[in-house]
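Here is the structure we will look at.
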Amino acid sequence: MGRRIGVLSVQGAFIEHEKRLQRLGAECVELRKHEDAMKSFDGLVLPGGESSVQGKLLRELEMFEPLKRQIEEGMPVMGTCAGLILLAAEINNDTRRHFQTLPRTVRRNAYGRQRESFCATGSFGDFTDIPMKFIRAPYIEEVGEGTEILSVVRGNIVAVRYKKQLAMSFHPELCPDDRIHEYFLKM
């Protein structure tokens with residue numbers, strides 16, 4: 001697809017996203033320090049992992065402000081699991097806030113501990129039969145105006161799009177289906 005995608009690479013499932021995006025023809029730029037965040041790229045991936053650790057490292061490594069500015073200016077971004085939490089305007093069960101660019105309320109670790117992690121198959125926008133892996137996953141409790149709900153699993157909102165921000169509770173990079181990454185690259 002010829003896109004250059006910045007992938008936050010300080011913690012979490014970033015390598016899996018890179019492999020998926022590269023297989024689809026994108027070039028990946030690993031974002032590990034301030035200088036990396038200042039490079040030119042067409043989109044941004046905020047991977048799953050531990051949102052509090054990622055948020056802390058984004059600030060310590062001086063990547064937070066340049067990336068937030070790019071998201072606010074309309075750069076396409078995909079946040080999965082912890083990435084969803086990084087984008088959320090509100091987090092119901094946590095006092096920490098990060099980018100706050102996506103007008104929604106999220107609940108961290110909403111399904112419980114690691115042992116409550118699960119796989120499901122569901123719809124994602126116009127796509128059907130999308131495999132979804134939920135690992136200590138959040139879910140979206142409320143969405144703001146202009147937010148499109150893309151997927152609901154077990155009665156909970158698990159994927160949304162707001163302008164050029166795509167966010168989901170699950171890990172598409174850990175499932176054998178490229179359609180969500182292709183959708184992101186077309187944004």
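Rule-based calculations on the coordinates, nothing more; no lab input. These numbers were taken from a predicted model, which means no experiment stands behind them. Backbone-built Cβ (ideal geometry, glycine too); neighbour counts: all protein chains shown.
Per residue Cα convex hull volume for segment 1-81, in cubic angstrom?
76 Å³
Could you tell me whether segment 133-178 comes out rounded, prolate or oblate from its Cα gyration tensor? Rule is a ≥ b ≥ c as square roots of the eigenvalues, rounded for a/c under 1.5, then prolate if a/b exceeds b/c, otherwise oblate. Don't jump to the answer; show the numbers that get you there.
Numbers: a/c = 2.29, a/b = 1.40, b/c = 1.63.
Note, shape of segment 133-178 comes out oblate.
Taking the beta-carbon count within 10 Å as an exposure proxy, list CYS119, CYS81, CYS175, CYS28 from fewest neighbours to most. Walk me through the numbers on the way to the answer.
Details: CYS119 13, CYS81 30, CYS175 18, CYS28 21.
Lowest count first: CYS119, CYS175, CYS28, CYS81.
What are the principal axis extents of the Cα atoms in segment 76-147, in Å, biggest first?
The Cα atoms of segment 76-147 stretch 31, 31, 19 Å along the principal axes, largest first.
With both partners inside the chain, how many of the DSSP beta bridges are antiparallel, as a percent to the nearest 5? If you can, show how the numbers build up before the last one.
Details: 21 of 39 bridges.
So the antiparallel bridges in the chain amount to around 55 percent.
Give me MET38, MET187 sorted ascending by neighbouring Cβ count inside 10 Å, so fewest comes first.
On the way: MET38 13, MET187 16.
The most exposed by this proxy come first: MET38, MET187.
Quick one: in the chain, what % of C-alpha pairs are over 20 Å apart? Write out the running numbers ahead of the final one.
Numbers: 8313 of 17391 pairs.
When all Cα pairs of the chain are counted, 48 percent exceed 20 Å.
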